[in-house]
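The values are calculated or read from the model by the stated rules, or taken from the named source; none is laboratory data. Given the structure is predicted, the values throughout are model-derived calculations rather than measurements. We place every Cβ from the backbone using ideal geometry, glycine too, and count neighbours over all the protein chains shown. Accessible surface is based on the protein model in full, side chains and every heavy atom, while ligands, DNA and RNA are left aside. Shrake-Rupley method; radii C 1.70, N 1.55, O 1.52, S 1.80 Å.
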Number of protein chains: 2
Amino acid sequence: MKRHQVTIIDIAQKLNISKSTVSRALTGHPSVRSDTRQAVMELAQKMDYQRNMLAINLSSSQSKTIGIIVPEFVTSFFPIVIMGAQEIADQAGYSVLISQSNETYETEVANAKVMLANRVDGVLISMTRETKNYEHFDVFKRKGIPLVFFNRVCHDIETPKVVVDDYEGAFKATEHLILLGKQRIAHLAGPPSLYISRKRLEGYKDALRKHRRPVIDELIISYDLTLEKVKIYIKYLLDLSTPPDALFAVNDPTAIEAIKVIKEQGLSIPEQIAIVGFSNDYGSALIEPGLTTMAQPTREIGQVAAQLLLDQIHTDSSVWKPITRVLKTELIIRGSSQRI
Amino acid sequence: MKRHQVTIIDIAQKLNISKSTVSRALTGHPSVRSDTRQAVMELAQKMDYQRNMLAINLSSSQSKTIGIIVPEFVTSFFPIVIMGAQEIADQAGYSVLISQSNETYETEVANAKVMLANRVDGVLISMTRETKNYEHFDVFKRKGIPLVFFNRVCHDIETPKVVVDDYEGAFKATEHLILLGKQRIAHLAGPPSLYISRKRLEGYKDALRKHRRPVIDELIISYDLTLEKVKIYIKYLLDLSTPPDALFAVNDPTAIEAIKVIKEQGLSIPEQIAIVGFSNDYGSALIEPGLTTMAQPTREIGQVAAQLLLDQIHTDSSVWKPITRVLKTELIIRGSSQRI
DNA sequence: CCATTTTGTGGGAGCGTTCCCATGAAAATA
DNA sequence: TATTTTCATGGGAACGCTCCCACAAAATGG
């Protein structure tokens with residue numbers, strides 16, 4: 001049944017030396033005679049020997065693997081973050097175990113368990129929009145496994161984080177609409193459970209205040225990020241006695257959905273209603289009109305987060321330094337808010 | 001330094017029983033007295049015990065992990081395939097190790113090594129566009145590790161595959177353009193090293209032949225799928241003495257890029273030139289005009305591939321049954337080829 | 001009531017490494 | 001030449017688990 005694997009013992013026997021010597025030759029230990037090493041290397045090659053990470057991991061009690069938990073995979077944002085993280089991990093010789101929580105709290109908890117069971121050396125995580133209980137993160141802390149949050153971070157737990165300047169980004173996005181001469185700027189916000197939703201909302205409000213515009217409650221809608229609902233809220237906004245003449249959406253998928261709905265309703269963008277998103281996702285340049293958006297350095301987020309995690313792993317202090325890295329966003333102006 | 005992990009031995013000692021019994025209790029072995037099991041379970045819970053997969057894997061010589069190697073991560077296609085695969089893997093209690101080859105042969109080889117070293121129980125793979133040497137796949141065969149190809153498959157190696165009806169899809173796509181009354185239909189094809197490129201090219205040609213149209217060589221361009229080059233080829237096509245009035249692109253990213261270039265050139269789509277893509281990627285519905293495309297059941301590809309792989313893993317015959325599952329494509333008509 | 005089966009448990013090898021310690025030979029030093 | 005140092009190697013425990021085998025106590029049967 002069980003196919004035999006080529007082990008260092010096989011090599012040792014053929015060469016009539018001990019497995020210790022083979023191990024040393026293979027790992028590049030200095031105190032091995034060069035002809036011995038040579039012979040081992042050659043035979044290993046010839047026998048298709050592959051070091052068994054399972055054994056190495058067990059022996060060293062570390063898996064040389066980092067876990068990444070993301071809420072979803074469909075929009076381009078998370079895949080690109082993962083690319084960035086993987087680059088860094090690869091360079092450092094780490095494998096990457098990826099799982100997506102599907103925006104579901106239960107799945108996130110289950111994924112965390114899997115990571116734990118697989119003894120990952122650290123975890124990169126962006127929470128689901130539902131996550132309000134952080135017990136499953138505490139376990140990592142108790143076990144001394146580094147955790148780095150990115151994008152959707154958790155502020156009730158001391159840990160390194162990588163975020164963008166959500167407040168400032170939202171501020172600038174809103175200001176951009178104000179300077180365009182827009183009078184009634186609506187905001188389609190994310191759920192208050194997410195820190196980024198709150199920050200972006202704040203930036204939006206402060207921009208209005210700075211320019212002495214009223215903050216109008218009926219123009220602010222907080223929703224749970226399930227895109228199907230965008231249609232309902234847009235229709236609500238358009239049906240107001242004085243509808244908005246601009247919309248700042250919490251993220252690009254939301255903004256894109258909004259554009260679709262507004263076009264369906266026969267309104268012109270940006271004349272009747274201008275739109276700004278947040279992220280610069282893949283679709284933002286494709287949709288007509290192009291979506292003005294606050295670009296996030298997506299790949300860089302992944303790189304920085306991975307680097308931070310690796311740093312934590314290598315400094316084996318048991319306390320996590322709660323470093324927060326804030327990356328800059330950049331306004332990209334496209335047709336959805338262009339002055340014509 | 002090394003933090004102590006809670007092991008079954010810790011539990012055993014506290015309870016004054018042997019580790020065998022603890023192991024049995026934890027794994028649900030029948031011959032354990034129920035009060036013993038109860039006690040073990042409770043203590044395990046209380047002590048934050050997490051089974052160490054590293055040890056279990058080594059002991060059982062299997063990792064309960066499947067590997068997935070994809071060429072890239074940016075277009076929506078592969079992430080969605082992965083989602084599908086992960087669903088199936090999760091259900092079966094398998095973890096997923098993902099790596100992307102970045103469309104580079106060397107990286108693909110390196111990734112394969114990592115998979116091997118981590119003793120994955122099987123691998124799902126879609127090759128890079130450069131891969132012409134299959135030695136790194138043979139290793140899996142020699143070691144008896146199941147391999148399932150999807151999308152970009154390899155025909156020089158006997159293995160299960162999951163593909164879509166590329167020939168038929170291309171045939172229908174081309175026929176659609178013909179029925180639209182288009183006379184000179186160009187084809188921007190993929191590299192001949194990829195089976196899907198060849199099949200799609202064949203379908204295109206046969207559709208022309210069926211409708212007694214000439215196959216014009218100057219209208220057929222095979223390129224290496226690096227999107228930056230699309231611009232060059234489109235310009236070449238438009239500069240022909242009699243330029244094409246339709247374009248069938250090998251995939252959606254190519255088609256989308258083509259639309260952008262053609263719009264830049266000031267031509268009207270679909271009146272002057274109609275376009276059809278292949279895949280129904282995320283961007284296809286967003287771009288203006290919407291891209292007519294042959295939709296692939298993307299998520300299903302992942303599910304079927306993972307299922308096939310799991311089947312192979314569980315039937316422990318050493319020969320791979322070279323089952324090929326062909327999934328259906330479906331023509332989705334949008335603005336880029338609509339009769340107005 | 002003794003022989004036999006069942007049930008629950010303990011002991012220990014094995015999975016493939018690494019790494020520490022011991023050992024003998026060769027080389028360097030006194 | 002005697003003694004210490006270096007070098008290359010071997011032996012074996014450890015990593016945390018599973019699983020086979022053995023064994024005692026309890027249950028069953030004639």
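Structure summary
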read-out	value
Net charge, A:Glu288 excluded, C-beta distance under 12 Å - Lys, Arg +1, Asp, Glu -1	+4
Chain B: angle of helix B:195-210 to the longest principal axis, Cα-based, in degrees nearest 10	30 degrees
Euclidean distance between Cα centres, region A:57-88 to region B:160-218, Å	38 Å
Simple label model, 7 Å out from Cα along Cβ direction - A:Tyr134 to B:Ser61, nm	4.6 nm
Under the Karplus curve 6.51 cos²θ - 1.76 cosθ + 1.60, θ = phi - 60°, whole-Hz ³J(HN,Hα) for region B:180-191, x wherever Gly or Pro sits	6, x, 6, 9, 10, 9, 8, 9, 9, 9, x, x
Solvent-accessible surface (1.4 angstrom probe) belonging to A:Ser59, in square angstrom, nearest 10	100 Å²
Residue closest to axis [chain B; rotation mapping onto A; Cβ; Å]	B:Glu288, 2
Given charges at Cβ of Lys, Arg, Asp, Glu: region A:8-51 dipole, positive-most of A:Ala44, A:Asn16, A:Ser31	A:Ser31
Crossing angle, helix B:105-117 versus chain B [Cα axis fit, 0-90 degrees, rounded to tens]	20 degrees
FRET efficiency estimate (nearest 0.05) - Cβ-Cβ, B:Ile17 to B:Gln91, R0 41 angstrom	0.75
GNM top mover of B:Ser76, B:Ser23, B:Ser63 - chain B, alpha-carbon springs below 10 Å	B:Ser23
Residue-averaged beta-carbon neighbours from other chains (10 angstrom radius) around A:96-107	3
Dipole magnitude (debye, nearest 20) for chain B, charges at Cβ of Lys, Arg, Asp, Glu	760 debye
Exam field: B:Arg213 pseudo-label spacings to other copies (7 Å along Cα-Cβ), nanometres	5.1
Over region B:8-51 - Rg/Rh using Cα atoms and the Kirkwood inverse-distance radius	0.90
Peptide B:49-56, shielding by other chains (average Cβ, 10 Å cutoff)	6
Shortest-first distances to equivalent copies, position B:Ser268, nm, label 7 Å out along Cβ	1.9
R0 of 60 Å, Cβ-Cβ distance B:Ser31-A:Asp217: FRET efficiency to nearest 0.05	0.35
Computed [θ] at 222 nm, helices only, for chain B once each DSSP H run of length n ≥ 4 contributes -39500 (n - 2.57)	-13000 deg cm²/dmol
Region A:8-51, relative contact order [Cα under 8 Å, separation at least 6], %	32 percent
A:Lys263, B:Lys113, B:Lys143, reordered so the largest accessible area comes first (probe 1.4 Å)	B:Lys113, A:Lys263, B:Lys143
Amide H within-cut-off set for B:Val162, under 5 Å, with H built and near neighbours excluded	B:Phe149, B:Phe150, B:Asn151, B:Arg325
Solvent exposure ordering (accessible area, 1.4 Å, most first) of B:His155, A:His211, A:His176	B:His155, A:His211, A:His176
Rounded accessible area per residue of chain A, 1.4 Å, Å²	43 Å²
About the Cα centre, charge dipole magnitude for region B:8-51 (Lys/Arg +1, Asp/Glu -1 at Cβ), debye	120 debye
Exposure of A:Lys14 as accessible area (Å², to 10), given a probe of 1.4 Å and all protein chains	140 Å²
Helix B:252-264 vs. chain B, principal-axis angle (Cα, 0 to 90°, nearest 10)	40 degrees
For the protein assembly as shown, size of Cβ-based charge dipole, Lys and Arg +1, Asp and Glu -1, in debye	1320 debye
Net +/- balance of residues flanking B:Ser222 in space, Cβ distance below 14 Å, scoring K and R +1, D and E -1	+2
Label geometry 7 Å along the beta-carbon vector: A:Asp35 inter-copy distances in nm	6.9
Per-residue average of Cβ from other chains inside 10 Å of A:4-12	1
Part-to-part distance (alpha-carbon centres) for region B:252-311 and region B:222-246, which is given in Å	17 Å
Selection of GluC sites (Glu not before Pro), region A:233-333, meeting DSSP coil and at most 15 other Cβ within 10 Å	A:Glu271
Protein accessible surface hidden between B and A, which excludes ligands and nucleic acids, total in Å², probe 1.4 Å	4900 Å²
Region B:92-164, relative contact order in percent, only Cα pairs under 8 angstrom and at least six apart counted	26 percent
Placed amide H near A:Leu247: partners under 5 Å, 5+ positions off or other chain	A:Ala186, A:Ala274, A:Ile275, A:Val276
Net charge over other residues, Cβ less than 15 angstrom from the Cβ of A:Ser34 (K, R count +1; D, E count -1)	+1
Tensor-based shape of the protein assembly as shown (alpha-carbon gyration tensor, a/c under 1.5 rounded, otherwise prolate or oblate)	oblate
